1. Residues with amide H under 5 Å of A:Ile85's amide H, sequence separation 5 or more or different chain, H placed in the peptide plane at 1.01 Å from N; which?
2. Put +1 on the Cβ of each Lys and Arg and -1 on the Cβ of each Asp and Glu in the range B:34-183; which of B:Gly152, B:Pro162, B:Gly98 then has its Cα farthest toward the positive end of the dipole?
3. For B:Gln293, put the label point 7 Å out on the Cα→Cβ axis and report which residues of the range B:341-381 keep their amide N under 17 Å from it.
4. Compute the acute angle (0 to 90°) between the alpha-carbon long axis of helix B:372-382 and the principal axis of greatest extent of the alpha-carbon atoms of chain B; round to the nearest 10°.
5. Which of the GluC sites (Glu not before Pro) found in the range B:14-103 are loop residues per DSSP with 13 or fewer other Cβ atoms within 10 Å of their Cβ?
6. Which of rounded, prolate, oblate describes the range A:172-216, given a ≥ b ≥ c as roots of the alpha-carbon gyration tensor eigenvalues and a/c under 1.5 marking rounded, otherwise prolate only if a/b is larger than b/c?
7. How would you classify the protein assembly as shown from its alpha-carbon gyration tensor, with a ≥ b ≥ c the square roots of the eigenvalues: rounded for a/c under 1.5, else prolate if a/b is greater than b/c, otherwise oblate?
8. Only four residue types carry charge here, +1 at the Cβ of Lys and Arg and -1 at the Cβ of Asp and Glu. Report the dipole size of chain B about the Cα centre in Debye, rounded to the nearest 20.
Amino acid sequence: MKILVCITHVPDTTSKISFTENNTKFDISGVQFIIGPYDDYALARAVELKETHSASVTVLNVGGAETEPTIRKALAIGADEAIRINAEPTDSFFVAKQIADVAKDGGYDLILMGRESIDFNGGQVHGMVGELLDLPSVSPVMQLDIEGNTAKISREIEGGKESLEIGLPFVAGCQEPIAEWKIPNMRGIMSARTKPLNVIEPSDNEKKTALESFELPAEKNAVKMVDPDNVSELVDLLKNEAKVI
Amino acid sequence: MSGNTAMADQSINRKSFTDAFSSPDFYEIDDLLTEEHKLIRNSIRDFVKKEITPNIEQWCQDAHFPEEIVKKFGDIGAFGPTIPQEYGGGGLDYISYGLIMQEIERGDSGMRSTASVQGSLVMYPIYKFGSEEQKKKYLPKLASGEFLGCFGLTEPDHGSNPGGMVTNFRDAGDHFLLNGAKMWISNSPKADIAVVWAKNEAGRIHGLIVERGMEGFTTPETHNKWSLRASCTGELVFDNVKVPKENLLPGKNGLGAPLMCLDSARYGIAWGATGAAMDCYDSARRYALERVQFGKPIASFQLMQKKLSEMLTEITKAQLLNWKLGKMMDEGKATTAQISLAKRNNVDMALKISREARQMHGGMGITGEFPIMRHMMNLESVITYEGTHDIHLLILGHDITGIAAFS
C-alpha cells in the first residue's frame, strides 16, 4: 500500500502574529514553524498503517527550502521519503493542483492531509485534490481503518458522527483522534538523514486568488477579576460597562 | 501561615505555567545548532512535557521511581545517544547528548540521573572497555530500556577518594570471587546489571559486570532522601559473588577507567544543570510578571529585576560553555579539567538560581505547585555527586599549578 501524506509548514500555535510591508507579508522573525497539527495526525496514522499494513509513506510539502527541517521531522517520525514542490503555497487551488500533478502518476492508495492548515485555515485542498484526480474525498476523518481494498471511516458531521465504507484510493482530510501525535525518537532522527528528499519544480503557476492585505483581529479587553463576595460590583460592571444586562 | 497570605494565593495556576515554558536563548545560541540538533532538543522537550512534567511532582512527593520510564527513555533514544547505532545507540554527537540531558533535567534532575547513569556510566564503559561479546550482549538491551544498569564506584568510606576502595575480587579458578560494598548508587535497587569497580589481588582496579540474580549480590535501597526522590538510589553488596571471568571488562584498568566514565557523565550534568536553571528562571520570570503586590507586578521592582538579570546572565554563560565544551568533546580533545570547570560552574549556578527563584515565588515556591523547591533539593545532590563542588576546584587547581592538592 502506498500512502501520500501532504503536510503544511505553519507557525507554532503560540507564535505572536504580526505583518510587514504594509500588512501584506507575514513577519516570520522569531516564529517557530511546525508540521500543521492536523497534518501531524494524518502523518501519525499513516505511520501506524505502515507498521500494520506494510505500507510505504511519502510526505509532500509545497514550500521553499525553509520548510526542509519540517519535512525532515516528518521523515524522523517515520515517513520513508519526501517530495518538496519548490513554490510558495499561497493559494489553495495552486497547492491542490501541485499535489494532484504529483499524485496522478504515483499510484497512491491513500492521500491523507489535515482537515485544514492552521495558517490560512482554508480547509479546501483535500476536496480540490479529490476533484482534480476524480477521486472521492472525505473530511474531517476521525477514524481510519483499512481492510483489503476498503477503508472504514468515521467522520464528524453537524451534531453527530457518520460511519462510512469507501474503496481505495481516496483523499482524506484528517483530525484527532485518528491517531496520537508521534514524537520522533533519536533513531528516527538519525535515519531521516539519509532518507530521500526530492525537490521538484511546480508544474504550473496558476493561482485563483490574490492576496491584498492582512488584518489582525481587534485586541480583547483585559479580564477583570471580581471578588466572589462583591456581587454588586459584578452586576454594576455587567450593566454599565459591558452593557449586557 | 494562615489565611490570606501568599501561601493561600492559588490564582496563578500551575498547569498554565508548566505548559508555557519558553526557553531562554539571549545570545541566539540556537544559531550555533544544526537543524538536527534543534529537532533533537524539541523532540526531547515534547517527550518530557508528555511523560515527565505531568507526573513528576507526584512521583517526588511519593518518593516513587516510575519504572515504566525506563522503557520510554529507551524508545525515545535517551540511553547512550553517542553509542554507535550497531549497538543500539543513537550514533549522535556530544552536542546532541548535551541537549538531551538539558531537556530531561529541565523536567527533573532525578530523571536525568537515571538516563546519565545508563548512558555514561554503564553503556559507555561497556562500549569503551568491553569485549565484542559484552557489547553485543548488553548494549542493545541497555539502549532499548529492556535492561537498567548502575555503576558501582563510590563506597561507604571512599567517596572523593575512589582509589582507596576496598571492594575486591580474586581469581577462584573458573570464576572471580567478588567481595565488598558500594554506596550512593543511582538505579541500584532496580538495576539488572551493575558495572562494578574493584581491586584484584595486586590492588589494580578493574571493571566487572555483575548481574542481578548472582548469588551473594544484593541491592538494598536508600530511603528517606530529600533529593532526587523520583530516582532510586541504593547500595551494592557483594558477599562472595561468583562472577564469570568473561564479565571482566578487558579494555582498560586502573582508576583512569572509571574516571573516563565520569568525564562523560559530568559533561552531561553540565548541560543538565543548565536545563534545571532554565526551568527555574522561566518560572520565576513568569511568576514575577503575574504576581501583583502593592498594585503592580512584582517584576516591576528593582530587586526582582536584579535577580532575573543575574539569572539570565549566568544561564547565557553556561549555555556558551556547554556548546564549546560539546564541540571539544566531539573533537575528542576536552580535558578532565575543562569538564570539571563546566560541571562545577553550571551546577553551582543552577543551585543559586533555584534558591533565588524559590524566594521570588514567595510561599508558593515551597509547594509542589511549582517546580522550584524540587529542582533546588535535587541540585543539592547534583553538586555533590560525580565529583563534589570542592573536588572539581582541586582538579582545576591541579591543572593550573601542576600540583595535586589530593593524591
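Where a number appears in this text, it was derived from the coordinates with a stated rule and is not lab data. Bear in mind that the values here come from a model prediction, so they are computed numbers and not experimental data. We place every Cβ from the backbone using ideal geometry, glycine too, and count neighbours over all the protein chains shown.
1. A:Asn61, A:Val62, A:Gly63, A:Ile200
2. It is B:Gly98.
3. B:355-367
4. On a 0 to 90 degree scale, this one is about 30.
5. When the GluC sites (Glu not before Pro) of the range B:14-103 are filtered for loop state and at most 13 Cβ neighbours within 10 Å, B:Glu28, B:Glu67 remain.
6. oblate
7. Oblate shape, in that a/c is at least 1.5 and b/c is the bigger or equal ratio.
8. For chain B, the charge dipole is close to 580 debye.
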